[in-house]
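The values are calculated or read from the model by the stated rules, or taken from the named source; none is laboratory data. Just so you know, these numbers come straight off a predicted model, no measurement behind them. Don't worry about glycine lacking a Cβ; one is built from the backbone with ideal geometry, like all the others, and counts go over all protein chains shown. The protein model used for the area step is the full one, side chains on, heavy atoms only, and it has no ligands, DNA or RNA in it. Shrake-Rupley method; radii C 1.70, N 1.55, O 1.52, S 1.80 Å.
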Amino acid sequence: MKIVTIVGSLRKESFNMQLAKTIQDRYKDRMDLEIADIRSLPHFDQDEENNPPQSVKDFKAAIASADGVLIITPEFNWSIPGVLKNAVDWASRVDKVFIGKPVMALGATLGLLGTVRAQMHLREILVAPGIQAKILPPGGNEVLIGLANQKFDEKTGKLVDEGTLSFLDSKVDAFIDFVKSV
């Protein structure tokens, strides 16, 4: 199963990127996980949407060819970061590669609420007419990792909190089943 992961943080030591790499390693026997490059995407420009730069073409092609998408977002001012919104905006134009694509939202933060507001906004964005993703239904499927600084190993960058890993295992299982059913 091919899964593309979009990480909404550019920070070198991002807990969200560490979460993506943990998932990439932990579930490598169940999914081929590619981490998309959003750093190289230019600001969305409607004047260029019909003939976008190669970085945009590559990004959209990765989503189009994937069986599903994980979007891992930090929370900036109770919402998703601008770089993540920019990536979603590019993907929503012309060939609209998110339409019907199974998507799971996750996030890690230093705060207690674990990106709950950012994920609420992300879910609203993902059902917009140009996107229309198939989002893993909420109701227990939210992966909201709070107090991330206490749950990741400083040296390896991997998620090491056993309770969180066990929970993540069950949610990844739910996502894999969801991808197969869509």
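Overview of results
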| read-out | value |
| --- | --- |
| Only one of Lys96, Lys151, Lys101 that is crowded, with 19+ Cβ neighbours inside 10 Å and more than 17 Å from Leu70 (Cβ to Cβ) | Lys151 |
| Members of the stretch 153-182 found to be within 17 Å of Tyr27 (Cα to Cα), more than 16 Å from the chain's Cα centre (by Cα) and among the hydrophobic types (A, V, I, L, M, F, W, C), listed by number | Leu159, Val160, Leu165, Phe167 |
| Where a residue in the stretch 9-27 is more than 13 Å from Leu159 (Cα to Cα) and its partner, wherever it lies, is open to solvent by 40 Å² or more (accessible area, probe 1.4 Å) and part of a loop (DSSP other than H, G, I, E, B), with Cβ under 6 Å and at least six apart | Leu10/Arg39 |
| Residue count for the stretch 104-127, restricted to those that are open to solvent by 40 Å² or more (accessible area, probe 1.4 Å) and farther than 18 Å from Pro138 by Cα | 2 |
| Residue among Phe76, Phe59 that is without any contact (Cβ under 8 Å) to a residue 60 or more places away in the chain and either touching a Gly at 6+ places or on another chain (Cβ under 9 Å) or open to solvent by 60 Å² or more (accessible area, probe 1.4 Å) (or both) | Phe76 |
| Of all residues making up the stretch 79-93, the number that are within 11 Å of Ile131 (Cβ to Cβ) and open to solvent by 10 Å² or more (accessible area, probe 1.4 Å) | 3 |
| The stretch 153-182 residues that are over 15 Å from Glu142 (Cβ atoms), paired with ones that are β-branched (Val, Ile, Thr) and part of a helix (DSSP H, G or I) (beta carbon under 9 Å, 6 or more apart) | Gly157/Thr22; Lys158/Thr22; Leu159/Thr22; Leu159/Ile23; Val160/Thr22; Leu165/Thr22 |
